[in-house]
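Visitor: Got a structure for you, questions after.
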Amino acid sequence: MLAYTYISSGKFELIDKPKPELQSPRDAIVRITLGSICTSDLHIKHGSVPRAVPGITVGHEMVGVVEEVGSEVRSVKAGDRVTVNVETFCGECFFCQNGFVNNCTDPNGGWALGCRIDGGQAEYVRVPYAD
Ligand SMILES: [Zn+2]
Ligand SMILES: [Zn+2]
């Protein structure tokens, strides 16, 4: 699939990547129908987001259709039209328990999509903690 990718400081490229797969029972795979460009994407491009990982697909604001869900996902199912929250969160860490999900300490939590893990300027995205 095509994915708009952070290559290195100052450089994004549209490249071919494998379609994402479920990695956890709490994941969903979403086929993107629309994704937006955010100023934060430009912050990544300009090197202002040190935790952004080169090689990740950018994009953290998108809508689409659920393709597949993990065995523990209860609130969405294949075929549902969804918006994907920029902040994915575990719901269990100190910050999640106190309502500050943007600071979720999980590797797939907080601003992970399109920053530390592949995001949504692509044909498909894996969404952790889909519920
Ligand atoms: Zn944004
Ligand atoms: Zn958390």
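Only the coordinates and a few stated rules stand behind these numbers; no lab work does. Please read all numbers here as calculations on a predicted model, not as lab measurements. Glycine gets a Cβ as well: all are built from the backbone with ideal geometry, and neighbour counts include every protein chain shown.
Visitor: Search the stretch 39-67 for residues that are crowded, with 18+ Cβ neighbours inside 10 Å and pair each with any residue that is part of a loop (DSSP other than H, G, I, E, B) and of a type in the set (Asp, Glu) when their beta-carbon atoms are under 8 Å apart and the residues are at least 6 apart or on different chains.
Guide: Within 8 Å, the pairs are Ile56/Asp118; Thr57/Asp118; Val66/Asp80.
Visitor: Could you grab me the full set of residues in the stretch 74-92 that are in contact with a strand residue (DSSP E or B) (Cβ under 9 Å, 6 or more places away or on another chain), within 11 Å of ligand 2 (Cβ to nearest atom) and among the hydrophobic types (A, V, I, L, M, F, W, C)?
Guide: Once the filter is applied, which keeps residues that are in contact with a strand residue (DSSP E or B) (Cβ under 9 Å, 6 or more places away or on another chain), within 11 Å of ligand 2 (Cβ to nearest atom) and among the hydrophobic types (A, V, I, L, M, F, W, C), the stretch 74-92 yields only Phe89.
Visitor: Also, I was wondering about something else. Can you go through Ile44, Ile37, Ile7, Ile15 and tell me which one is farther than 20 Å from Tyr129 by Cα, assigned to a helix (DSSP H, G or I) and β-branched (Val, Ile, Thr)?
Guide: Ile44
Visitor: Right, another one. Could you please give the count of residues in the stretch 23-48 that are more than 11 Å from ligand 1 (Cβ to nearest atom), of a type outside the set (S, T, N, Q) and more than 13 Å from the chain's Cα centre (by Cα)?
Guide: Number of matching residues: 6.
Visitor: Also, I was wondering about something else. Evaluate the stretch 93-102: report whether one residue or more is closer than 20 Å to Tyr4 by Cβ and either within 16 Å of ligand 2 (Cβ to nearest atom) or within 11 Å of the chain's Cα centre (by Cα) (or both).
Guide: No: the stretch 93-102 contains no residue that is closer than 20 Å to Tyr4 by Cβ and either within 16 Å of ligand 2 (Cβ to nearest atom) or within 11 Å of the chain's Cα centre (by Cα) (or both).
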